[in-house]
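Here's a structure for you.
The values are calculated or read from the model by the stated rules, or taken from the named source; none is laboratory data. Note that the coordinates shown come from a computational prediction; the quantities given were computed from them, not determined experimentally. Note: ideal-geometry Cβ built from the backbone for every residue, glycine included; neighbour counts use all protein chains shown.
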Amino acid sequence: MLRQPILLTPAEARILANCSLHYYFDQQTGVSSLDAAHVALDEAIREAVQALHAAGGPARLSLEQYLAGQADQLLLRPILERYYQRLAQDWRQMIAGNETLELKITIGGIPVLLRGIVDRLDKTSDGGILAVLFRTEPGPLPDAAELRQDQAMTMFHALVAANYPHKRPVRLQEAWLQLDQSVTIELSEEEYRQNLVQLREPIQALARGQVRARPGLHCELCPFKHRGCPVYAHEQNDEVDLASTPLEGKIPRRQWTFKI
Ligand code: SF4
């Protein structure tokens, strides 16, 4: 039985809730589901935005200085320019940027250490706090209902609520910088608890040293679908049988639980 707390980031919580075998593969290999070009764009955006925050915002750093060195970056420049204009309006509300938050909790009786980085924290006019989480992918933009059930957002809610206990309500915003659109949610107590329940079984199994393949639509985004996942092993060798039910795979369900 595992005795150390399970260290979990919000992104890992999302993966774990979907499929603990995917989570395990991630831990072992560090393979990213993002392509190299997007990883480079993501890093460039975050580096420039953090430099703008650290410099004291648009009042202290001119747009020309901020964009210096990005002249040949056709995709990056408009994203950074839009963020600069947005921050000029929001600067007075901003409390912190690139903030690492931690929280020790138990889920299903298992100790968990949550750790997440919030890209920006703003105070709101009603005494609350808004956690802004940058998304740098091209889309599609999620809808609010989708985000309300998202385990990563639930973990961010827990982190912000615990670290800023005097600021209520807690709101969470995904800011999709390429699309220049954002989605903001506020979780009710019931939604928060329901989402935590989804993590209980996979975390208890992890503590017992078990992971379980849980195929579903999320497999389409899993980098291990054809790189080690036994549920889809037959697809790498056999002719594709269009009449088969893909999510059932060719190994029996009872063999989808693995000892680690
Ligand atoms: S392909 Fe699906 S079942 Fe297999 S590890 Fe990835 S998410 Fe899990």
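Would it be correct to say that Arg208 is surrounded by fewer than 16 Cβ atoms within 10 Å (Cβ to Cβ), within 19 Å of the chain's Cα centre (by Cα) and more than 16 Å from the ligand (Cβ to nearest atom)?
So Arg208 does not fit the description; no.
Considering Ile107, Ile117, which residue is surrounded by 14 or more Cβ atoms within 10 Å (Cβ to Cβ) and without any contact (Cβ under 8 Å) to a residue 40 or more places away in the chain?
Ile117
Kindly indicate whether any position in the stretch 168-181 is at pLDDT 95 or above, within 16 Å of the ligand (Cβ to nearest atom) and of a type in the set (A, V, I, L, M, F, W, C).
No, there is no match, as no residue in the stretch 168-181 is at pLDDT 95 or above, within 16 Å of the ligand (Cβ to nearest atom) and of a type in the set (A, V, I, L, M, F, W, C).
Output the residue which, of all residues in the stretch 118-175 that are part of a loop (DSSP other than H, G, I, E, B) and of a type in the set (Gly, Ala, Ser), is farthest from Gln89 (Cα to Cα).
Gly139
Any idea which of Ala37, Ala55 is farther than 30 Å from Cys229 by Cα and among the hydrophobic types (A, V, I, L, M, F, W, C)? Break it down stepwise before answering.
Values: Ala37 fails: farther than 30 Å from Cys229 by Cα.
Sole residue among the options that is farther than 30 Å from Cys229 by Cα and among the hydrophobic types (A, V, I, L, M, F, W, C): Ala55.
The rows are residues; the columns are (1) within 16 Å of the ligand (Cβ to nearest atom); (2) crowded, with 16+ Cβ neighbours inside 10 Å; (3) not in a loop (DSSP other than H, G, I, E, B).
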{"position": "Val183", "(1), (2), (3)": "no, yes, yes"}
{"position": "Leu187", "(1), (2), (3)": "no, yes, no"}
{"position": "Arg193", "(1), (2), (3)": "no, no, yes"}
{"position": "Arg200", "(1), (2), (3)": "no, no, yes"}
{"position": "Gln204", "(1), (2), (3)": "no, no, yes"}
{"position": "Pro215", "(1), (2), (3)": "yes, yes, no"}
{"position": "His218", "(1), (2), (3)": "yes, no, yes"}
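Follow-up question, since we're still on this one. Of everything in the stretch 73-104, what is of a type in the set (Ser, Thr, Tyr) and loosely packed, with under 14 Cβ neighbours inside 10 Å? Give them in sequence order.
Thr100
Taking Leu103 and the conditions (1) in contact with a helix residue (DSSP H, G or I) (Cβ under 7 Å, 6 or more places away or on another chain); (2) hydrophobic (A, V, I, L, M, F, W, C); (3) closer than 30 Å to Glu64 by Cβ, which numbered condition does it fall short on, given that it satisfies the others?
Unmet condition: (3).
Among the numbered criteria (1) crowded, with 17+ Cβ neighbours inside 10 Å; (2) without any contact (Cβ under 8 Å) to a residue 24 or more places away in the chain, which single criterion is violated by Ala152?
(2)
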